[in-house]
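Here the structure comes first, spelled out in structure tokens, and everything after it is commentary.
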Amino acid sequence: MVDFKELKERTKIEDVVSQLGLTMKRSGDQMRGPCPYCRSGGDRALAINTAKQSFYCFNVRKGGDLIALVGHVLDLRPKEAAERIAGTGPLQGKVPGTVPGTIPQRGTVPNSSPSPPRPAFDPVAYAASLQTSHEVLAGLELAPETLSEWMGGMATKGVHRGRLALPVTVAGRVAYFGLAVGGESPSITFPNGVDGRMAIFGADRVTKNGELRLVATPLEVLSVYQNTGETAVCFLTETVSGEQLELLAAVLGARSADLIV
Ligand SMILES: [Zn+2]
């Protein structure tokens with residue numbers, strides 16, 4: 001068992017930043033960069049404060065110490081994160097497209113669970129499997145570039161086969177939902193274990209303060225973006241619960257924006 005206190009005394013958060021291979025821009029005590037775990041929120045989503053030795057991810061609106069940073073970026077529990085930091089060598093290979101949660105356990109980690117860890121969903125690999133050019137999409141007037149930018153496309157396999165698959169952040173994790181493009185029912189499907197009521201499509205791409213445009217469907221979100229460059233948001237359920245309105249209020253609060261419906 002790693003002594004957290006002792007580990008924090010001999011390790012700086014800056015060391016962890018370089019061990020993780022994070023791309024950060026430094027300004028005084030502050031470092032800002034993209035969050036490789038969330039893969040959303042832009043290139044300032046992750047903030048490090050070297051004076052406080054702390055981090056904050058604006059995607060999940062959570063932060064903490066260097067152990068929590070490793071926990072967030074590599075999707076590990078604090079104990080495992082501390083063990084990674086205590087081990088030697090880089091925490092993560094800087095191979096483009098690698099997903100932190102899927103790197104093999106290092107040999108230095110004792111008492112790993114007897115069953116192999118469940119492979120993490122790899123949004124980048126999934127996005128690469130989607131078709132951005134498709135006659136159905138042309139009919140919807142969705143440009144391949146728009147879909148590429150949103151990491152979406154027609155799914156030709158898996159649970160969303162025959163649907164337009166689009167990513168959304170649910171409880172801090174990226175998941176894909178499947179949007180019917182030929183009038184199928186239900187119009188939106190989610191993979192097992194993903195609660196669509198906890199999602200607002202487009203929310204993690206909203207960076208601008210001021211106004212937040214709420215539209216009815218994901219296709220409208222994409223269309224607004226394609227035509228104006230603005231990010232609108234929509235709920236992914238037919239009815240909207242109080243919980244969802246609270247979620248929207250949280251997005252509005254974080255961006256200090258006014259809602260336009
Ligand atoms: Zn993050």
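The values are calculated or read from the model by the stated rules, or taken from the named source; none is laboratory data. As the structure is a computational prediction, the values presented were derived from the model and not from experiment. Every residue, glycine as well, gets a Cβ built from its backbone with ideal geometry; the counts of neighbours run over all protein chains shown. These area figures cover heavy atoms from the full protein model, side chains too; ligands, DNA and RNA do not enter into them. Shrake-Rupley method; radii C 1.70, N 1.55, O 1.52, S 1.80 Å.
Could you tell me which of the residues Leu22, Leu7 is more than 14 Å from the chain's Cα centre (by Cα), surrounded by fewer than 20 Cβ atoms within 10 Å (Cβ to Cβ) and not in a strand (DSSP E or B)? Break it down into steps so the answer makes sense when it comes.
Numbers: Leu22 fails: surrounded by fewer than 20 Cβ atoms within 10 Å (Cβ to Cβ).
Just a single option satisfies the conditions, and that option is Leu7.
Looking across the range 198-221, just one residue is in a helix (DSSP H, G or I) and in contact with a helix residue (DSSP H, G or I) (Cβ under 6 Å, 6 or more places away or on another chain), and that is Ala203.
The set of residues from the range 28-51 being more than 10 Å from the ligand (Cβ to nearest atom), of a type outside the set (S, T, N, Q) and part of a loop (DSSP other than H, G, I, E, B) comprises Gly28, Asp29, Gly42, Asp43, Arg44, Ala51.
When the range 164-174 is examined, which residues are found to be at negative phi and open to solvent by 10 Å² or more (accessible area, probe 1.4 Å)? Break it down stepwise before answering.
Quick first cut of the range 164-174, residues at negative phi only: 164-170, 173-174.
Passing the criteria: Pro167, Thr169, Val170, Arg173, Val174.
Of all residue pairs spaced 6 or more apart or on separate chains, those with beta-carbon atoms under 8 Å, a first member in the range 57-72 that is more than 11 Å from Leu46 (Cα to Cα) and open to solvent by 40 Å² or more (accessible area, probe 1.4 Å) and a second member that is of a type in the set (A, V, I, L, M, F, W, C) and more than 11 Å from the ligand (Cβ to nearest atom) are Asp65/Ile13. When Pro218, Pro191, Pro186 are checked against the criterion of being modelled with pLDDT of 90 or more and in the same structural domain as Gly139 (by TED's automatic domain parsing), a single residue qualifies: Pro218.
Within the range 231-241, none of the residues are modelled with pLDDT of 90 or more, of a type in the set (D, E, K, R) and either more than 21 Å from the chain's Cα centre (by Cα) or exposed (fewer than 14 other Cβ atoms within 10 Å of the Cβ) (or both). Considered as a group, the residues in the range 182-215 that are of a type in the set (Gly, Ala, Ser) and surrounded by fewer than 12 Cβ atoms within 10 Å (Cβ to Cβ) include one that is nearest to Thr239 (Cα to Cα), and that residue is Ser185.
Return the only residue of Leu142, Leu137, Leu166, Leu147 being part of a strand (DSSP E or B) and in the same structural domain as Leu247 (by TED's automatic domain parsing).
Details: Leu142 fails: part of a strand (DSSP E or B); Leu137 fails: part of a strand (DSSP E or B); Leu147 fails: part of a strand (DSSP E or B).
Testing whether each residue is part of a strand (DSSP E or B) and in the same structural domain as Leu247 (by TED's automatic domain parsing) leaves just Leu166.
In the range 102-133, what residues are at pLDDT 80 or above and open to solvent by less than 60 Å² (accessible area, probe 1.4 Å)? Residues satisfying the conditions are Asp122, Pro123, Val124, Ala125, Tyr126, Ala127, Ser129, Leu130, Thr132.
Residue selection: Gly172 satisfies the criterion of being under 23 Å from the mean Cα position of the chain (by Cα) and modelled with pLDDT under 85.
As a summary of the residue check, Glu230 satisfies the conditions (1) closer than 22 Å to Gln131 by Cα; (2) of a type outside the set (Gly, Ala, Ser); (3) part of a loop (DSSP other than H, G, I, E, B) except for the one numbered (1). All of (1) at pLDDT below 90; (2) within 12 Å of the ligand (Cβ to nearest atom) hold for Tyr56 with one exception: (1). Listed by first and then second residue, the pairs linking a residue in the range 137-165 that is farther than 16 Å from Pro218 by Cβ and in contact (Cβ under 8 Å) with a residue 24 or more places away in the chain to a residue that is among the small types (Gly, Ala, Ser) and open to solvent by less than 20 Å² (accessible area, probe 1.4 Å), with Cβ atoms under 8 Å apart and 6 or more places separating them unless they lie on different chains, are Val159/Gly178.
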